[in-house]
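The values are calculated or read from the model by the stated rules, or taken from the named source; none is laboratory data. Keep in mind that what you see is a predicted model, and the values were worked out from it rather than measured. Don't worry about glycine lacking a Cβ; one is built from the backbone with ideal geometry, like all the others, and counts go over all protein chains shown.
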Amino acid sequence: MQILSAGSRIAAIAVMCLVGRSSVASPWLPLPAVDNHEGHRSSLQARVTMADGAARAITLQGVGCTESICSRVRAMDLKADSVWLDGLASIREISHEADGPVRVVFTFKNGTERQASIRPGNRVLYIDGRFGRTEKLDLGRVTKIDFE
């Protein structure tokens, strides 16, 4: 077994401190912003019906692309219009496109309906999964979503 010199030990300790610190939130670094525009809320309870007919209860945390969540409170359509998620009663007539925009019909809590094409960057639903993990669910695999 080789004994490290004092300089090597100090260097090793410095590297450990830097590596260990990178995974801990620092009070000098800003935390990622959470969308909370105009009092809209996230963590929405809903019932999802999949294209294969299976149904399950979910908690929707937000929408985004396959890489990351973009917003916790709204989706954007191709016309750059915001769709506030907490204002929806349901999403139905969902096209099953493998990629690109997803055509849907939104039913709002006030009873109005609107057809839209959801941007590719907002087609992935971020939902609470098992054991506190976040799951990604592609909107193209879904037939209907009913919000509580």
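Looking for something in contact with a Gly (Cβ under 8 Å, 6 or more places away or on another chain), surrounded by 15 or more Cβ atoms within 10 Å (Cβ to Cβ) and among the β-branched types (Val, Ile, Thr) - is there at least one such residue anywhere in the range 103-111? No: the range 103-111 contains no residue that is in contact with a Gly (Cβ under 8 Å, 6 or more places away or on another chain), surrounded by 15 or more Cβ atoms within 10 Å (Cβ to Cβ) and among the β-branched types (Val, Ile, Thr).
Per-residue answers, yes or no, for (1) surrounded by 13 or more Cβ atoms within 10 Å (Cβ to Cβ); (2) under 18 Å from Glu135 (Cα atoms):
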| position | (1), (2) |
| --- | --- |
| Asp52 | no, no |
| Gly64 | yes, yes |
| Ala75 | yes, yes |
| Asp86 | yes, no |
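Being loosely packed, with under 13 Cβ neighbours inside 10 Å and either closer than 25 Å to Gly39 by Cβ or among the hydrophobic types (A, V, I, L, M, F, W, C) (or both): is that true of Phe131 here? Here the answer is yes, as Phe131 does meet what is asked.
Any residue that is of a type in the set (Phe, Trp, Tyr) and at pLDDT 95 or above - is there at least one of those in the range 81-94? Taking every residue of the range 81-94 in turn, none turns out to be of a type in the set (Phe, Trp, Tyr) and at pLDDT 95 or above. When Ala80, Ala55, Ala75, Ala89 are checked against the criterion of being among the aliphatic types (A, V, I, L, M) and at positive phi, Ala80 stands alone in meeting it. Using beta carbons and a limit of 6 Å, which pairs, at least six apart or on different chains, have the first residue in the range 121-148 and modelled with pLDDT under 95 and the second one of a type in the set (Phe, Trp, Tyr)? Correct list of pairs: Thr134/Tyr126.
Exactly one residue out of Thr59, Thr107 is within 25 Å of Gly129 (Cβ to Cβ) and touching a Ser or Thr at 6+ places or on another chain (Cβ under 7 Å), and it is Thr59.
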